[in-house]
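To start, the structure under review is shown below, and the notes come after it.
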Amino acid sequence: MPTPPTSATPFQVDLRGVVDLLSRHIYSSPRVFLRELLQNGRDAVSARHKEFPDAPAGVLQIIPLGVAADDVTDAADDVTDAADEVTDSALNGIAGDGANTFVFRDNGIGLTRAEAADLLATVGRSSKRNASPTSREPHLGDTFTSIDGGQRDSVLNMNRDDYLGQFGIGLLSCFMVADAITVRSRSARGGLPIEWVGNADGTFTLRELTEEEAAGLPVGTEVHLTPRPQDTSLLQEPQVLTLAQDFGQYLNLVVQVATSSSQNRWVTLNQDPLFSSPFERPSEELLEFGKDLLGKRPLDAIELVVPGTATRGTAFVLPFSPRPGSRQAHQAYLGGMLLSKNVDDLLPEWAFFVRCVIDTTGLQPTASRESFVKNEQLEKTREAIGSAVRRWIMLLATTDPHRLQEFIQIHSLGLKSLAVHDDELAHALIGWLTIETSLGTMTINDFVSVYGTLRYTATVDEFRQLAPIASVNNPIVNGGYIYDSDLLRRLPHVLDGVTTEQVTVAGELDTLDSPPLADRERVVALENRATALLTGVDTRVSVRTFHPHDLSALYVADPAVLRRIERSRAATIAPGLWSQVVSTVNSLFTAQEDDEPAAADQAQLCLNWANPLTRKLADMSDEVVFQRSIQLLYVQALLAGHRPLGSADRAMLTTAMSDLIQLSVGLDWDDNNLDNPGGTSNTPPQETPNE
């Protein structure tokens, strides 16, 4: 038995569900309803000018809720010079339904009955979407069958690049603020005007108006909205002015908002043709625009031109360092219409120090028109903008080193990251980057020109331990900050004739001088006595001779030892089960480190034999004073090396201080003269009896 033929059945669409989808997942806010109306109006004006080049200049007019129509119908005298070509009928024909209705109108190409039935009744149908790649481009005079079986001119179906809209869902955004939309339109190609009324329940009516009903209705389209009570504020004058300014101030046609003011019935947003875009400003004006954008005057403005995607704009160099992890919030316009103030994928991640404002017609917006589709065009634009920023840095390095230095001081961390990964920029930047040395902060150029070889530590802890004993003729550089070690290792490949050397705590201790052989016996005895006192804090004592002489003690430890100390401290602090877990992990790591040939066993308290206090302690017979003095030197060395004090260290400090204070109360001055041991006497002068 033959299979019965099947027939195609169209989907039924629940419009309320579609509107809910738009409001929750496509559009970020109901505020976009005005952007969609502005976009549709702008595209309608463009379509009219393509078919009728002598048509009046484009005007978009908005009557907010609460502004009575009678207050704004006589608007001809208030129109700016940019809209003088608009006919009186186009200006005086704005119809209103009273102060309870929001009205938006354009003097674009308008709609016939067939076009309204086709475009306004089909969700997702757009007159501005390109034809399929396999079909030819449409031409004027082409016709096709509409949903009501009629034929219509497809002049609207021209190249997509001329329009902002594409997806056929823009008008639906009005359902986010109103339950009914009324569209009245008169086509520039003739025919009776029409009225289309759409409801949020998915029903609509469409009828042709008689000339009596449409008296005063000019060529173009009006949209009437009566808002839901909870959305009333979005359609009132203050909010409408703000939204119109945000979305429409750079459109290439006049945008006017009616007001209730008797002195100024129309506010024209973009009446100065010179500033029709944020990029056609003199340099000073452009920097002031950047100040409004950033909140502070930018360091510079970089011109951006990407012909391949019809993108142009400005990159403003931040005059402050951005917060770590902050998003790159760039401002983007699509054919003069604001796309978003928070586009975050316009620049490479390394270009964190600029904020962009761009206008484009070649990048494809997403359905929400709040970001760009991530495609090859966007990637090429991102690369081109990155190249422009890179050229600006290179130019600054060769023509204005003082401004370059100011720029580097503000964005030092990020530029170090950039120099690590970009060979071209590294050659221009690396010499101007600053580094921390044992003699203070200086640029790499300054350091290399004086000292040649650059000796650096791999960690901040090692630098803090070694900086106090580093020679003024052979200083040490702190390579422990992020990117610094990588940058210093690359230095010989970037700067000719420069050598680098990584130093370690153990290696530097080996270079310190030992005490004289004549003092060997006293030194060994001092090391043994002092090490026995510090067994509880896992520290051994060694005696060396080093500069400066007024530095009595130095706490030093390899990174592996410091990690072991931190793990042990964490195991002590952690409660219950976590303490056991941390202890087990610590044991595993400790066993692994002990198997390494170069692993250090303990931290060291290095006493300076050149310091008088150390020699005094070697001969100290009072065991209590000796113990407390060694303990105080240990704690002092910890603090000088920026090491945190553990519970055992704090207890040692408290005990030593208390005992020494008590001892000092019962001892003579000379017996307790520990402030200047081995030196000149600090004995108070005796009173001389009168002769």
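Numbers below:
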{"quantity": "Burial ranking of peptide ranges 478-484, 36-42 (average Cβ count within 10 Å, highest at the top)", "calculated": "36-42, 478-484"}
{"quantity": "FRET efficiency, Ser261 to Ile482 (Cβ-Cβ, R0 60 Å, nearest 0.05)", "calculated": "0.60"}
{"quantity": "Full-stretch length increase - His547, Glu376 - with 0.36 nm per residue and alpha-carbon distance subtracted", "calculated": "55.4 nm"}
{"quantity": "Fully extended contour minus Cα-Cα distance, from Ser664 to Gln245, at 0.36 nm per residue", "calculated": "143.0 nm"}
{"quantity": "Full-extension gain in nm, Ala215 to His493, via 0.36 nm per residue minus C-alpha separation", "calculated": "92.1 nm"}
{"quantity": "Rounded FRET efficiency, nearest 0.05, which uses the C-beta distance separating Leu439 from Glu288 and R0 of 35 Å", "calculated": "0.25"}
{"quantity": "Computed over the stretch 420-487: relative contact order in percent, which uses C-alpha pairs under 8 Å that are six or more apart", "calculated": "32 percent"}
{"quantity": "Over the stretch 175-231, relative contact order from alpha-carbon pairs under 8 Å, at least 6 apart, %", "calculated": "44 percent"}
{"quantity": "Fraction of beta bridges assigned by DSSP in the stretch 379-519 that are antiparallel (%, nearest 5)", "calculated": "50 percent"}
{"quantity": "Estimated distance in nm for a label pair at Asp538 and Ala57, the labels positioned 7 Å out from Cα along Cα-to-Cβ", "calculated": "8.1 nm"}
{"quantity": "√(5λ) per eigenvalue of the Cα gyration tensor, the stretch 178-253, largest first, Å", "calculated": "26, 19, 10"}
{"quantity": "Shape call, the stretch 284-334: gyration tensor on alpha carbons, a/c limit 1.5", "calculated": "oblate"}
{"quantity": "Cβ-derived FRET efficiency at R0 51 Å, Ser387 paired with Asn473, nearest 0.05", "calculated": "0.70"}
{"quantity": "Estimated inter-spin distance, Asp231 and Glu521, nm [label 7 Å along Cα→Cβ]", "calculated": "9.9 nm"}
{"quantity": "Under 28 Å from the Cα of Lys291 - lysines, other chains or at least 8 residues apart", "calculated": "Lys341, Lys416"}
{"quantity": "Relative contact order computed over the stretch 470-566 (Cα-Cα under 8 Å; 6+ residues apart), in percent", "calculated": "23 percent"}
{"quantity": "Protection proxy ranking of 541-550, 520-529, 394-403 - average other beta-carbon atoms within 10 Å, highest first", "calculated": "541-550, 520-529, 394-403"}
{"quantity": "For the stretch 350-393, radius of gyration divided by Kirkwood radius, i.e. Rg to Rh on alpha-carbons", "calculated": "1.00"}
{"quantity": "Sequence-distant lysines (8 or more away, or on other chains) whose Cα lies within less than 20 Å of Lys50", "calculated": "Lys128"}
{"quantity": "Relative packing of peptides 646-653, 190-197 - highest average C-beta neighbours within 10 Å first", "calculated": "190-197, 646-653"}
{"quantity": "The stretch 341-483: radius of gyration and largest Cα-Cα distance (Dmax), Å", "calculated": "19.7, 65"}
{"quantity": "Approximate spin-label separation Asp201-Ser326, in nm, with each point projected 7 Å along Cα-to-Cβ", "calculated": "5.2 nm"}
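Values quoted throughout were computed directly from the atomic coordinates according to the rules given, and no laboratory measurement underlies them. Quick caveat: nothing in here was measured; it's all calculated off a predicted structure. When we count neighbours, we look across all protein chains shown, and the Cβ atoms used for this are built from the backbone with ideal geometry, even at glycine.
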